[in-house]
Every structure is written in structure tokens, then in C-alpha cells.
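In what follows, a single structure is set out as C-alpha cells and then discussed.
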Number of protein chains: 2
Amino acid sequence: MRVLVPFGARDPKSRLSSLFSPAERRTLAETMLADVLGALSDHEPVVVANAPVETPVPTQIDQRPLTTAVNARLGDEPTAVVMADLPLVRRETIARLLNTDADVVVAPGLGGGTNALVVRDGDFETDYHGVSVRDHRERARAVGATVATVDSYRLGVDIDEPADLVEVLLHGERETPAWLRDRGGRAETTDGRTQFRLDGRD
Amino acid sequence: MRVLVPFGARDPKSRLSSLFSPAERRTLAETMLADVLGALSDHEPVVVANAPVETPVPTQIDQRPLTTAVNARLGDEPTAVVMADLPLVRRETIARLLNTDADVVVAPGLGGGTNALVVRDGDFETDYHGVSVRDHRERARAVGATVATVDSYRLGVDIDEPADLVEVLLHGERETPAWLRDRGGRAETTDGRTQFRLDGRD
């Protein structure tokens, strides 16, 4: 199956700007991308980026919005779309996604996002704006496609906000947790959920 | 397998106090408990509560801290421990948990929690304080038990903070999403993650 990995290369991870400089956020985004590509190493992923980025796999530059860029690549063959900010994902998580049998397979992300999709129906189009997980299910049904959901924590936790970074420290296994620790990142226990802290910065 | 559902009945869901009164939070907590018990209807769950609560299943009152109350019930037979604030959980999620084969099975929750456990080793004890998902894995290895993790979004999203409530609206299927909607709860799209809003209150 064809696998697309969209990558927003312009000012990535802006909601982490209280913790990291623009250059650091760019490195963090590229490190997460590398972890996702590592989990995809049994496949032949193609990165679709809106600005140049160095990766070890074929990369296409497409400056259009995410939805347009993805839809331009759907339709002719079964295609998976896996976001680049999922550093918890393992090889077996990807296998579970790709082996789920339906015309459209959705992996929900925190806050209504669609962190991964498999599209086997030529009439289905994405819409990543708004509550995309709900919209994707509705669109699939509207074109008569069968829909399945992958119930995965590793696919569900995308890294957008400071609170997400503790998930990388606790459950990540590749480069991103090491990158965070190198910069002083640590998990701090509290009365509630464990928090991400950056030594010397907050 | 024996299934325990611990329920904190005293001032539950205090981190939602910006949205709901103490009485509402108590009702919300009981509604989530009912949804969890619904997902457990193929089994014979026992609620372990620190104060009286009306449920349709056997309930034991134990005023000790969560860890102590759970550990007092482990050891003699295989036991699952499923938290009461997991309204996204379905029957098939529970089946996946109980069918995972290891001496200790862990379902991680957001922020380092352990939202569900299966204990088949008589020497294993819980410790829900701190980063419990990490501690439970370490304790299992320390007593020579095999460990497996259940990779589940529905088990991973426990409801503690206002941002969690949007997950109930988007992915819940029983009473809790209806209860939230009856009180004016709705999902509001933003530039980032979809947010929970309560009409007339925030």
C-alpha cells in the first residue's frame, strides 16, 4: 500500500513555542518524522512536505494546504496517510492500521483529529479542517464506503501541546524521547497527571 | 476473571470544578461508572468505593487509599482492575484487555496513569501513586512476571480535565455524552484541538 506522511515544515509545532525556539521546534518536528519513518520501514513511505526537508525517503514538495495536497494523491490506489507527529507509533501499530479491513480506516487523535487514515475507496476525500475524525466518518458513509476505527493510544497521541511531551518520555522508544531528555526534559509527578518539565526553562 | 472497578465517591472529578458543581460532578462520575459497568456486562464486576454509591452490581465499601484497597483484593485469583472514569470503553475494548496474554497487562492512561490492569501473578502489587504505568511495569518485572501493554485509545482516555470531555462527546456512545449534551456541552472547533464548551457557563 502507498503510504503518505504529510509534514508541515513551516514554523512547525507552534503550540510548543513556550518551551522551544523555532529552530528547536523544527528539529523536534524532524526528529518525530524520523521516528514515524522508522516505524514505517517495512513500507515505502513518501513524505509530502510544504517546504524542503531532508529525509531518507522520497519527498514531494506541495505548498497547498494539507487537505488539498492529500486529496490530490488519493483515488487511484489504496493509500494510507500517517501524520508526522506520532512518535509513539511502532511497526506493529502500523501493521494493525494497514491490516484493518474497511474502505476507510480512521485512527482518531486527541481533540477530534485524524492521526492516520487508510483509503481504499476512490471517491473518498479528506477534510482535515475542524473535527476531522467525525467528518471523515461521515464522508466515508456519504460515498457508500465501509468505515472502521483503529483503537490505538500510540496512533491517538499526536504531539502538539506541552502536556503531550510527557507521553513521549513515558512511551516513546526512538529518537524523540532522547532528544527531549538531551534538552533537559523530564517527567514530573503531580497530584494529577504527570507533567512535562524542561530543566532551566520553566 | 474477577473484575474490580474502583470508584472514588468523595468529591469526585475535582479538576472539573470550573465547569460543574460538586453535585453535578458526583452525577457525572456515577454516569461514567454506569457506562463502564455497561461495557463490563459480559462479566461480573465488583465496585470498590470509598463511600456509599448506588450501582446495579455488588459494591464493597473500602475507605483506604486506592492502592491499599486494590492490593487487599489481589493475590488469590486473576483479577482485572478497570477505572470508573473511562466512558469511551466498549465491550470489545474489555475483551481485548482480558484476552491479552501476560502475567501483568497494563493499559496506559494519559499522563502516566494506569487505566486498566490485569493481574495474573500472586506476587504483584499495584502502586497508583506517581507515574503508575512505569512503576507497574517495573514492579511486574521485579517479581518475574511477564508484562504486556494494551494499545487502546478507549482505555487510554480517562476523564479528569475539561479538555477530556470533548473526547466523550466525539467517541462516547452511552450515557455520559448524553449527560454532557443535556447540560449544554458541545464540541467547538478551534485552530488546534477541538475544545469542550458548556453553553452559558464559559
- Enter the mean number of other protein chain beta carbons within 10 Å of the beta carbon of each residue in B:150-163, as an integer. 5
- Query: What is the packing order of peptides A:83-94, A:36-47, taking the mean over residues of other C-beta atoms within 10 Å and listing the highest first?
  - Reply: A:83-94, A:36-47
- Residue among A:34, A:55, A:194 farthest towards the positive dipole end of the protein assembly as shown, charges placed on Cβ: A:194
- Task: Any chance you could get the radius of gyration and Dmax over the Cα atoms of the range A:11-63, in Å?
- Result: 12.1, 36
- Message: Over the Cα atoms, compute the radius of gyration (one decimal) and Dmax (the largest Cα-Cα distance, rounded to a whole number) for the range B:2-158, in Å.
- Response: 14.7, 46
- Task: Could you calculate the FRET efficiency of residue A:178 with residue B:143 from 1/(1 + (r/R0)^6), where r is the beta carbon distance between them and R0 is 30 Å, rounded to 0.05?
- Result: 0.55
- Report the percentage of all Cα-Cα pairs in the range B:5-95 whose separation exceeds 15 Å, rounded to a whole percent. 60 percent
- Packing rank of A:161-171, B:127-137, where each peptide gets the mean count of other beta carbons within 10 Å, highest leading: A:161-171, B:127-137
- More than 34 Å apart - percent of Cα-Cα pairs taken over the protein assembly as shown: 30 percent
- A correct Karplus calculation of ³J(HN,Hα) over the range A:68-78, with 6.51 cos²θ - 1.76 cosθ + 1.60, θ = phi - 60°, whole Hz and x for Gly and Pro, returns 5, 5, 6, 4, 5, 10, 9, x, 8, 8, x
- Item | Cβ-placed point charges (K, R +1; D, E -1), dipole of the range A:134-200 about Cα centre in debye, nearest 20 | 240 debye
- Square roots of 5 times each gyration tensor eigenvalue, C-alpha, the range A:80-155, largest first, Å: 19, 14, 9
- Ratio for the range B:73-202, C-alpha Rg to 2.2 N^0.38 Å, reads 1.20
- Task: Take the Cα pairs of the range A:144-187, get the Kirkwood Rh, then feed it into Stokes-Einstein at 10 °C and 1.306 mPa s and tell me D in µm²/s.
- Result: 132 µm²/s
- Item | Debye intensity ratio I(q)/I(0), log10, the range B:70-122, q values 0.16, 0.18, 0.31 Å⁻¹ (C-alpha model) | -0.47, -0.59, -1.33
- Note on the structure: CD proxy, 222 nm, chain B: helix-only mean residue ellipticity via -39,500 (n - 2.57) per DSSP H run with n ≥ 4, per residue, nearest 500, stands at -9000 deg cm²/dmol
- Size of the dipole of the range B:2-158 about the Cα centre, Lys and Arg at +1 and Asp and Glu at -1 on the beta carbon, nothing else charged, in debye to 20? 360 debye
- Which distances in nm, rounded to one decimal and ordered from shortest, link the label point of residue A:38 to the equivalent label points in the other identical copies, with labels set 7 Å from Cα toward Cβ? 4.1
- Item | residue A:188/residue A:125 FRET efficiency (R0 30 Å; Cβ-Cβ; nearest 0.05) | 0.10
- Cα→Cβ-extended label distance, 7 Å offset, between residue A:44 and residue A:15, nm: 3.5 nm
- Count, for each residue of B:170-182, the Cβ atoms from other chains sitting within 10 Å of its Cβ, then give me the mean as a whole number. 1
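Laboratory data are not the source of any read-out in this text; all were calculated from the coordinates shown. No experiment lies behind these values; they were computed from the predicted model shown. All Cβ positions, glycine included, derive from the backbone under ideal geometry; neighbour counts span all protein chains shown.
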